[in-house]
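For reference, the structure discussed in these notes is given below.
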Amino acid sequence: MPMNREPPRPGIPGASTSGEPRAARGDAVPDTAVLLARTALFGSLETETLGRIAAATAMVRVTRGSLLFRAGDACTGFHLVIDGRIKLSLHSAQGAERVVELPGPGQTFGEAAMFLRMPYRVSAEALADSRLLHVAATAVFTELEQDPRLAHRIIASLSMRLHRLVGEIESQSLLSGTQRVVGYLLSLADAPAAMETVVRLPALKNVIASRLNLTHEHFSRILHGLATAGVIRLDGPDIRIPDLEILRRHSG
């Protein structure tokens, strides 16, 4: 089974149109309200509001390689990643894939389709065993009418994603492959500029390459070129960066 779930209950979708099982919804999963309260999106809400949203939220456990939903499936809410990693991607009729986003812990996806009341435009696949919360659209719409703070949080979240998307379009349109890779590695680092840091790629290289609009081969050549230049050291899925500022300057 690709997902663990409660038995489906009346009125709750138990499977996507792709045939992949989906978690059922009923009483709040234990600690769901606590998990919601730890997020930037729901952290400042009143206890009663959190409780109502938690009661309409399903915990979804999905195994690596399984589909959460396919493009064209009906959207009944949005997802919040608790742990693991999800790949959102587009697919052509010829089978080509373009990775759009790689949401990880604390990140959400599906809000746009939910608010537009449209099917999903992308497919979602687990890159690792993951736990997510699926928040029902009906609960979100109800609470938006009663608590403007939630509306402000969701608008801010969507605005940040739009701002990031514009930056990615700029990067892929105007920057070289090396500049894109360097920028991506820097985005994974959180250490002071002068300190050595180690970053771990959150997905396989071919997935990261697609995310950066590069071929797998081009991405690998850039990494090895950076290693030859001494600005990074490759260690399996880990990349050691001796000095972030030197790496930043290397991109030109």
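The values are calculated or read from the model by the stated rules, or taken from the named source; none is laboratory data. These numbers come from a predicted model, not from an experiment. FYI the Cβ positions are ideal-geometry reconstructions off the backbone, even for glycines, and counts take in every protein chain you see. SASA here: full protein model, heavy atoms, side chains in, ligands and nucleic acids out. Shrake-Rupley method; radii C 1.70, N 1.55, O 1.52, S 1.80 Å.
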Just add up the charged neighbours of Leu45: K/R +1, D/E -1, any other residue whose Cβ is under 13 Å from the Cβ of Leu45. 0
Taking the convex hull of the alpha carbon atoms in the range 47-106, what volume per residue do you get, in Å³? 101 Å³
For the chain the mean separation of alpha carbon contacts under 8 Å (6+ apart) over residue count, i.e. relative contact order in percent, is 16 percent
What does the extension gain come out to for Arg233 and Ser92, with contour length at 0.36 nm per residue minus their alpha carbon separation? 47.2 nm
Using only helices, what value at 222 nm comes out for the chain when you add -39,500 (n - 2.57) per DSSP H run of length 4 or more and divide by the total residues, to the nearest 500 deg cm²/dmol? -11500 deg cm²/dmol
The range 47-148, convex hull of Cα, quarter of hull surface, nm² -> 6.7 nm²
Work through the residues other than Val182 whose Cβ is under 10 Å from its Cβ and net out their charges, Lys, Arg +1 and Asp, Glu -1. +3
For Rg/Rh (Cα atoms, Kirkwood Rh), several values are listed as (1) 0.95; (2) 1.17; (3) 1.00; flag the one computed from this structure. (3)
Where does each of 79-85, 146-152, 216-222 land if you order them by average Cβ count within 10 Å, highest first? 79-85, 216-222, 146-152
Which one of Ser92, Thr76, Leu175 is farthest out on the positive end of the charge dipole of the chain, using unit charges on Cβ (Lys, Arg +1; Asp, Glu -1) and the Cα centre as origin? Ser92
For the pair Thr47/Leu188, report the inter-label distance in nm, with labels modelled 7 Å from Cα in the Cβ direction. 4.2 nm
Surface share of carbon and sulfur [accessible, 1.4 angstrom probe, percent] for the chain: 56 percent
In whole Å, what is the distance between the alpha-carbon centres of the range 114-188 and the range 69-104? 11 Å
DSSP loop GluC sites (Glu not before Pro) in the range 107-189 with at most 14 other Cβ atoms within 10 Å of their Cβ, which ones? Glu145
Which net charge results for the neighbourhood of Arg149, defined as the other residues with beta-carbon distances under 14 angstrom from its beta-carbon, given Lys and Arg at +1 and Asp and Glu at -1? -4
